[in-house]
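A.B. asks: Pasting a structure below so you can have a look.
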Amino acid sequence: MMFTLIHTVHLLAAFVYGGFLFVDILFLQKMQKSLPAEDGAKCREAIMAHVRKVVPYALFVVVGTGIYMFPHVFGHVGEDGLNHMQMVLLIKAFLGLWLGIRGFNQKIFKIDPWLFKSHYFPFTLVVIIIILSQIMWAV
Ligand code: HEM
């Protein structure tokens, strides 16, 4: 029961975090470009003021719930080494933790990312992570 609850929270928080990245890449950045520079910056800031109160925390929830579920799902390493599901889960967890550490540094320590600064990077990782999450039971 506890696992199901945490799993559901993980999915919902991933939906909030990933959803913002999708909306930003697909619509907000385009909206900003279609407005005069000053209006675009104002509109974006009006939205980002609310985003900053929700989205980074959604990322922390995704990572925290992911860490909780990890040992339950990963299981034991057999004598033949890692199975395919475990390999995919490890890659997925690594990418998710990378996003989590990046977001934590940014939100808590005010350290902006050194590499891949734009939202295209987390957007791409989220797409890859979602695909890995879906294929890990099928590989
Ligand atoms: C932004 C980062 C992340 C995103 C977008 C994400 C997304 C997802 C999605 C979409 C699922 C599939 C849920 C379903 O279909 O039922 C899932 C499951 C899971 N995730 Fe994450 N996740 C992220 C980070 C993490 C991290 C950092 C870990 C571990 C350290 C993790 C561990 C897991 C585990 C163990 C499952 C359960 C697999 C299962 O039982 O089907 N996730 N995640």
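The values are calculated or read from the model by the stated rules, or taken from the named source; none is laboratory data. The structure displayed is predicted, hence computed values, not measured ones. Glycine gets a Cβ as well: all are built from the backbone with ideal geometry, and neighbour counts include every protein chain shown. Accessible surface areas use protein heavy atoms only, side chains included; no ligands, DNA or RNA. Shrake-Rupley method; radii C 1.70, N 1.55, O 1.52, S 1.80 Å.
A.B. asks: Filtering the stretch 93-112 down to residues that are part of a helix (DSSP H, G or I) and surrounded by fewer than 13 Cβ atoms within 10 Å (Cβ to Cβ), which residue is farthest from the ligand (Cβ to nearest atom)? Show your work before the answer.
C.D. replies: Step one: of the stretch 93-112, the residues part of a helix (DSSP H, G or I) are 93-108.
Next cut, surrounded by fewer than 13 Cβ atoms within 10 Å (Cβ to Cβ) only: 94, 101, 108.
On the way: Phe94: 8, Ile101: 10, Ile108: 17 Å.
Selected residue: Ile108.
A.B. asks: Please specify each residue of the stretch 113-139 satisfying the condition of being of a type in the set (A, V, I, L, M, F, W, C) and assigned to a helix (DSSP H, G or I). Explain how you work it out, then say what you get.
C.D. replies: Restricting attention to the stretch 113-139, the residues satisfying the condition of being of a type in the set (A, V, I, L, M, F, W, C) are 114-116, 121, 123, 125-132, 135-139.
Residues satisfying the conditions are Phe121, Phe123, Leu125, Val126, Val127, Ile128, Ile129, Ile130, Ile131, Leu132, Ile135.
A.B. asks: Cβ-Cβ under 7 Å, sequence separation 6+ or interchain: first residue in the stretch 118-139 and more than 9 Å from the ligand (Cβ to nearest atom) and at pLDDT below 95, partner open to solvent by 70 Å² or more (accessible area, probe 1.4 Å) and not β-branched (Val, Ile, Thr). Which pairs?
C.D. replies: What qualifies is Val139/His84.
A.B. asks: Could you say whether any residue in the stretch 68-85 is closer than 27 Å to Ile25 by Cα, open to solvent by less than 30 Å² (accessible area, probe 1.4 Å) and at pLDDT 95 or above?
C.D. replies: Start the filter on the stretch 68-85 by keeping residues that are closer than 27 Å to Ile25 by Cα, which leaves none.
No: zero hits.
A.B. asks: On to the next question. Return yes when Ala58 is closer than 17 Å to His7 by Cα, more than 7 Å from the ligand (Cβ to nearest atom), open to solvent by less than 30 Å² (accessible area, probe 1.4 Å) and among the aliphatic types (A, V, I, L, M) and no when it is not. Reasoning before the result, please.
C.D. replies: Details: closer than 17 Å to His7 by Cα: yes; more than 7 Å from the ligand (Cβ to nearest atom): yes; open to solvent by less than 30 Å² (accessible area, probe 1.4 Å): yes; among the aliphatic types (A, V, I, L, M): yes.
Yes, satisfied.
A.B. asks: Could you say which residue among Leu35, Leu21 is in contact with a Phe, Trp or Tyr (Cβ under 7 Å, 6 or more places away or on another chain) and either under 23 Å from Phe104 (Cβ atoms) or open to solvent by less than 70 Å² (accessible area, probe 1.4 Å) (or both)?
C.D. replies: Working: Leu35 fails: in contact with a Phe, Trp or Tyr (Cβ under 7 Å, 6 or more places away or on another chain).
So the residue among Leu35, Leu21 that is in contact with a Phe, Trp or Tyr (Cβ under 7 Å, 6 or more places away or on another chain) and either under 23 Å from Phe104 (Cβ atoms) or open to solvent by less than 70 Å² (accessible area, probe 1.4 Å) (or both) is Leu21.
A.B. asks: Consider Gly18 carefully, then state whether it is within 20 Å of Ile101 (Cβ to Cβ) and of a type in the set (Gly, Ala, Ser).
C.D. replies: On the way: within 20 Å of Ile101 (Cβ to Cβ): yes; of a type in the set (Gly, Ala, Ser): yes.
In short, yes.
A.B. asks: For the stretch 5-18, name all the residues that are open to solvent by less than 80 Å² (accessible area, probe 1.4 Å) and either in contact with a Ser or Thr (Cβ under 6 Å, 6 or more places away or on another chain) or closer than 21 Å to Lys53 by Cβ (or both).
C.D. replies: Start the filter on the stretch 5-18 by keeping residues that are open to solvent by less than 80 Å² (accessible area, probe 1.4 Å), which leaves 6, 8-10, 13-14, 16-18.
Matches in the stretch 5-18: Ile6, Val9, His10, Ala13, Ala14, Val16, Tyr17, Gly18.
A.B. asks: Follow-up. Do you know which residues across the stretch 1-32 are closer than 20 Å to Ile129 by Cα, among the aromatic types (Phe, Trp, Tyr) and either more than 15 Å from the ligand (Cβ to nearest atom) or free of Cβ contacts under 8 Å to residues at least 24 places away in the same chain (or both)?
C.D. replies: Phe15, the sole residue that qualifies.
A.B. asks: Okay, next question. Could you identify the single residue in Leu115, Leu35, Leu90 that is free of Cβ contacts under 8 Å to residues at least 24 places away in the same chain, within 11 Å of the ligand (Cβ to nearest atom), more than 12 Å from the chain's Cα centre (by Cα) and more than 22 Å from Thr8 (Cβ to Cβ)?
C.D. replies: On the way: Leu115 fails: within 11 Å of the ligand (Cβ to nearest atom); Leu35 fails: within 11 Å of the ligand (Cβ to nearest atom).
Criteria check complete, one pass: Leu90.
A.B. asks: Six or more apart or on different chains, Cβ under 9 Å: which pairs go from a residue in the stretch 47-65 that's at pLDDT below 95 to one that's open to solvent by less than 30 Å² (accessible area, probe 1.4 Å)? Could you list them?
C.D. replies: none
A.B. asks: Continuing with this model, one more query. Got at least one residue in the stretch 123-131 being within 19 Å of Ile6 (Cβ to Cβ) and surrounded by 11 or more Cβ atoms within 10 Å (Cβ to Cβ)? Full working, then the answer.
C.D. replies: Step one: of the stretch 123-131, the residues within 19 Å of Ile6 (Cβ to Cβ) are 129-130.
Next cut, surrounded by 11 or more Cβ atoms within 10 Å (Cβ to Cβ) only: 129-130.
Checked against the condition, which is being within 19 Å of Ile6 (Cβ to Cβ) and surrounded by 11 or more Cβ atoms within 10 Å (Cβ to Cβ), the stretch 123-131 yields at least one hit.
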